[in-house]
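Here's the structure we're looking at; comments come further down.
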Amino acid sequence: MKSGFVGLIGRPNAGKSTLMNAIIGKKVAIVSNKPQTTRNQIEGIYNDLDTQIIFMDTPGIHKPNHKLGDYLNRQAYFGMRDVDLLLFLIDIKEEFGKGDSFILEKLKETQKPIVLVLNKIDKIKKEEILLKIEKYKDIYPFEEIVPVSALKEENIQTLIEVIKKYLKDDILYYEKEDYTNRPTEFLIAEIIREKVFQLTEEEVPHSLTCIIENIERKKESYVIDASIIVDRDSIKKIVVGKQGSKIKEIGIRSRKELEVFLGKRVYLNLFVKTIKNWRDKEKYLQEFGFKDFE
Ligand SMILES: Nc1nc2c(ncn2[C@@H]2O[C@H](COP(=O)(O)OP(=O)(O)OP(=O)(O)O)[C@@H](O)[C@H]2O)c(=O)[nH]1
Ligand SMILES: [Mg+2]
């Protein structure tokens, strides 16, 4: 039996959550093509016959514009502590930029082994992959460099084998059936937030959050009341849409996925509420679950 903790670190949109889901084989963390999708440190638990790996998915490290952004970065830094191995994720198609050097410096400070994961290899030609690997070798002596496609699930098994070399413990931290540390309520709110992320543009997804007000568990169904909190009325108008068309679509898509996830019929009541500038107010950040561990 081997076990241990692995931090997934990188810029927003590098594909950290997609990779974690691909490794776990279940959707633990939501994914979108917008930066700053992940807002909390989320554990995904990988189990096979003789191994348990606990992955820490983290928010992409970025320049914050709000208190919420500071919180996101702090969550990422927490994800670097108390792990056996750090996976530094980079979109192979992008150039290594200032944001990446900044993250690399932070990673180096931890003095933990760093494996570079070059993600999204499905977007470039095979010959280019080798050239990129050579380039990254000059940037830092990474323990290893592993090219993968989280989306197409290419080379994932190789990555798992690499990770296994760095696991030091021999106890089960979680039950073998567990795949995340997050409660069902959190996963439900995230599924709804993902739909809002997918169906809105520009600053809209970032200025809102989703909270579960109430869940009634019945014999054959769930009744879920959820609120989408926005930070100004103009955003509320967009989320509701013309004659409620947008919120209706968000509701339909969320319900479909929730029914599969919960395995029961779902009655979903969505409300949209404005709380001015909630992203900059400590009181609301705490109330909406953006709490530090310490
Ligand atoms: N083509 C391609 N797209 C990918 C791959 N992995 C992730 N993506 C896409 O990249 C976007 C961002 O993916 P996420 O997994 O949300 O990225 P993240 O690093 O978790 O982002 P944050 O949570 O914002 O930090 C999504 O549109 C994914 O579908 C990949 O291997 N290939
Ligand atoms: Mg993410």
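The values are calculated or read from the model by the stated rules, or taken from the named source; none is laboratory data. Here the structure is a predicted model, which is why all the values come from computation and not from measurement. Glycine gets a Cβ as well: all are built from the backbone with ideal geometry, and neighbour counts include every protein chain shown.
Hey, K176 hits all of (1) surrounded by fewer than 20 Cβ atoms within 10 Å (Cβ to Cβ); (2) more than 16 Å from L68 (Cα to Cα); (3) assigned by TED's automatic domain parsing to the domain that holds F261 but one; which does it fall short on?
Only one criterion in (1) surrounded by fewer than 20 Cβ atoms within 10 Å (Cβ to Cβ); (2) more than 16 Å from L68 (Cα to Cα); (3) assigned by TED's automatic domain parsing to the domain that holds F261 is unmet by K176, namely (3).
Mind listing just one residue for me: the one in the range 89-115 that is in a strand (DSSP E or B) and under 15 Å from G60 (Cα atoms) and, of those, nearest to the chain's Cα centre (by Cα)?
Per the stated criteria, the residue is L89.
If you check P12 against the conditions, is it assigned to a loop (DSSP other than H, G, I, E, B), over 10 Å from the mean Cα position of the chain (by Cα) and either within 8 Å of ligand 1 (Cβ to nearest atom) or β-branched (V, I, T) (or both)?
When the stated conditions are applied, P12 does not pass them.
Hey, any hits in the range 24-42 for a residue that's part of a strand (DSSP E or B), under 8 Å from the mean Cα position of the chain (by Cα) and within 9 Å of ligand 2 (Cβ to nearest atom)?
yes
Run D48 past the list (1) surrounded by 20 or more Cβ atoms within 10 Å (Cβ to Cβ); (2) more than 10 Å from ligand 2 (Cβ to nearest atom); (3) of a type outside the set (F, W, Y) and report the number of the one that doesn't hold.
(1)
If we scan the range 131-145, do we find a residue that is over 14 Å from L87 (Cβ atoms), of a type in the set (A, V, I, L, M, F, W, C) and without any contact (Cβ under 8 Å) to a residue 24 or more places away in the chain?
Within the range 131-145, one or more residues are over 14 Å from L87 (Cβ atoms), of a type in the set (A, V, I, L, M, F, W, C) and without any contact (Cβ under 8 Å) to a residue 24 or more places away in the chain.
Which residue, of E161, E127, E175, is without any contact (Cβ under 8 Å) to a residue 24 or more places away in the chain and either over 27 Å from V31 (Cβ atoms) or of a type in the set (S, T, Y) (or both)?
Exactly one of E161, E127, E175 is without any contact (Cβ under 8 Å) to a residue 24 or more places away in the chain and either over 27 Å from V31 (Cβ atoms) or of a type in the set (S, T, Y) (or both), namely E127.
Would you check which residues across the range 204-226 are closer than 22 Å to Q36 by Cα and either free of Cβ contacts under 8 Å to residues at least 24 places away in the same chain or buried (at least 21 other Cβ atoms within 10 Å of the Cβ) (or both) and list them?
P205, H206, S207, L208, T209, C210, A226
Quick check on my filter: what residues within the range 175-195 are more than 14 Å from the chain's Cα centre (by Cα) and assigned to a loop (DSSP other than H, G, I, E, B)?
E175, K176, E177, D178, Y179, P183
Across the range 23-34, which residue is farthest from S254 (Cα to Cα) among those that are touching a helix residue (DSSP H, G or I) at 6+ places or on another chain (Cβ under 8 Å) and more than 8 Å from ligand 1 (Cβ to nearest atom)?
I23
If a residue has to be surrounded by fewer than 24 Cβ atoms within 10 Å (Cβ to Cβ) and either more than 7 Å from ligand 1 (Cβ to nearest atom) or over 21 Å from I192 (Cα atoms) (or both) to count, how many in the range 35-44 make the cut?
Going through the range 35-44 one residue at a time, the tally reaches 4.
Can you work out which of the residues in the range 9-18 that are in contact with a helix residue (DSSP H, G or I) (Cβ under 8 Å, 6 or more places away or on another chain) and of a type outside the set (D, E, K, R) is nearest to ligand 2 (Cβ to nearest atom)?
G10
What residue, of D70, D82, D91, is surrounded by fewer than 23 Cβ atoms within 10 Å (Cβ to Cβ) and modelled with pLDDT under 95?
D82
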